[in-house]
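The next block holds one structure in the form of structure tokens; read it before the comments.
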Amino acid sequence: MLGSSLGGNGADLITSTTGPQPADFADVRATNLAVVLRFVREHAPCSRADIAASTGLNKATVSSLVADLIDRRLVRETGLTENRVGRPATMLVLDGSPYAAIGVEINVDFVSAVAVDLAGERLLTWRRSFSAGDSVNQGVAAVGAIVRRVVNRMAKEERQILGLAVAVPGLVDVQGTVRLAPNLGWRDADIGGDLAKALRDPGFPIQVDNDANLAALAEQRFGAHAGAADLVYLTGEVGVGAGIILDGRLRRGGLGYSGEIGHVQLDPDGPACHCGRRGCLEAMAGIGAVLRKDPSPAEIQVEIEESLRLARAGDPGTLATLESAGRSLGRGVSILANLLNPEVVVLGGYYVPLAPWLLPAVEEELRDRVVAAEGGGCQVVASTLGHDAAALGGAARILDSVDSGRLPGGLARIP
Ligand SMILES: [Zn+2]
């Protein structure tokens, strides 16, 4: 929030939402730099006058902030344009060509890496196979190897790494420690610390988060419903988890364990779940249930393709299985819709290709089970980001931290 101007030095006072402590000038300036950067991200091409008019910062402050962002090569000038009152204005756009944000996803059957520039343009997408039986050390070694290759590629392009965020399917606490990743067999693993060691303290921040949380951030920034303030992402991998964005912000809960919708029990007499309980959503609508067996990670893709082939051919057994999984999934989505009233629930992972067969049952359950009319306005859609969503979300999380004031580059210039 922008507050009243502090006289004399061109800086504007920021009042944080957590309390009215006066921020020191370095904080004020970092926050204002982030305000301008976000404005350019959302409104480019735009002029300094546009920024001043929309943010409430005075023109001298905006000029100084823009000069700083240009020095850091976050923003660049692009030609002159007639503005509304007819005088030519120099237009600004995001630059960011010297930067890259990296996201990595570790899943049961693959490790994938994505790099994007500051404007969110995809620089690379890599994937390698990975087997869930690997120990934490082997997992860290596999991730370390792919990250080193990404870092080398970015170095060749003379890009500075803004940061790395790693997505893990499991409970990740707010400090980034993986407390439990049942489908990987990992417990109490400091993946971030281990990776920093494996990469020999690479000089950029490393964050670790739950895969569904990061995929939700990717949808919020890059997906078909980008900008939605209330959005839930449901992973459709071997596990089923939810990443929850409410009022525009990711909601991790007290310790970071929100969104374990996959282990909400739908049927006490239902099939056994990986977690040791029975009848969980994951056991009734996860990929194992869709395929009616527990395929090895390497077999999943082939099995999904076979299931799709049979569904397209109208095989009654396959259609009945998909409808039943869709009903269970719909019961899970209805719980989310009754509790959180999201605008949109995005189905990810293996749910994407199966969505045409799952969605009719999901929507019917939603109509039957949500108290508010029309499912409370909740739309259920398939992700357009596919299997890269969580890795892309890692990169989105790094861009989010830049947008909120953690800027790369030298110290702010004194105005
Ligand atoms: Zn379970």
C-alpha long axis of helix 297-312 to longest principal axis of the chain, angle in °: 70 degrees
Sulfur and carbon atoms: percent of accessible area, region 224-384 [1.4 Å]: 51 percent
Per-residue ³J(HN,Hα) for region 313-321, Karplus 6.51 cos²θ - 1.76 cosθ + 1.60, θ = phi - 60°, Hz, x for Gly and Pro: 7, x, 4, x, x, 5, 4, 5, 5
Carbon + sulfur, % of accessible area of region 26-94 - ligands and nucleic acids excluded, 1.4 Å: 51 percent
Degrees separating the helix 351-369 axis from the principal Cα axis of the chain, which is the longest one: 80 degrees
Using a Förster distance of 51 Å, the FRET efficiency for Ala320-Thr81 (Cβ separation, nearest 0.05): 0.30
J(HN,Hα) series, region 380-393, from Karplus relation 6.51 cos²θ - 1.76 cosθ + 1.60, nearest Hz, glycine and proline x: 10, 9, 8, 5, 9, 9, x, 6, 8, 4, 5, 5, 4, x
Global size of the chain as Cα Rg and Dmax, reported in angstrom: 23.2, 76
Interchain or long-range residues, amide H under 5 Å from Gln379's placed H: Val344, Val345
Computed FRET value (nearest 0.05) for Asp71 with Ser135, which takes r as the C-beta separation and R₀ as 51 Å: 0.65
Reachable aspartates and glutamates, given that their alpha-carbon falls under 20 Å from the alpha-carbon of Lys293 and they are not under 8 places away in the same chain: Asp109, Glu237, Asp267, Asp269, Glu282, Glu303, Glu305, Glu306, Asp315, Glu323
Euclidean distance of C-alpha centroids, region 99-174 and region 356-371, integer Å: 35 Å
Charge dipole (debye, nearest 20) of region 157-303; +1 at Cβ of Lys and Arg, -1 at Cβ of Asp and Glu: 180 debye
Solvent exposure of the chain as accessible area per residue, Å², 1.4 Å probe: 44 Å²
Most to least packed among 354-361, 340-347 [average Cβ atoms within 10 Å]: 340-347, 354-361
Highest to lowest packing among 322-330, 55-63, 207-215, scored as the average C-beta count within 10 Å: 207-215, 322-330, 55-63
With Cα atoms, 0 to 90° folded angle of helix 136-156 axis to the chain main axis: 40 degrees
Kirkwood-Stokes translational diffusion coefficient of region 224-384, alpha-carbon pairs, 20 °C, 1.002 mPa s, µm²/s: 135 µm²/s
Residue-span extension gain [Arg127 to Ala224] - 0.36 nm each, minus C-alpha spacing: 32.6 nm
For the chain, calculated [θ]222 nm from helices alone, where every DSSP H run of n ≥ 4 adds -39500 (n - 2.57): -13000 deg cm²/dmol
Using a Förster distance of 41 Å, the FRET efficiency for Arg369-Ala44 (Cβ separation, nearest 0.05): 0.40
For peptides 158-171, 232-245, 289-302, 381-394, sequence by mean Cβ density within 10 Å, most packed first: 232-245, 381-394, 158-171, 289-302
Nonlocal amide H pairs with Cys46, under 5 Å, H built at 1.01 Å: Leu92
For Tyr99, residues with placed amide H under 5 Å, excluding near neighbours: Leu118, Gln160
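The values are calculated or read from the model by the stated rules, or taken from the named source; none is laboratory data. Everything numeric here is computed off the predicted structure, so don't read it as measured data. Here the Cβ is made from the backbone with ideal geometry for all residues, glycine too, and neighbour counts use every protein chain on show. All accessible areas refer to the heavy atoms of the entire protein, side chains included, with ligands and DNA or RNA removed. Shrake-Rupley method; radii C 1.70, N 1.55, O 1.52, S 1.80 Å.
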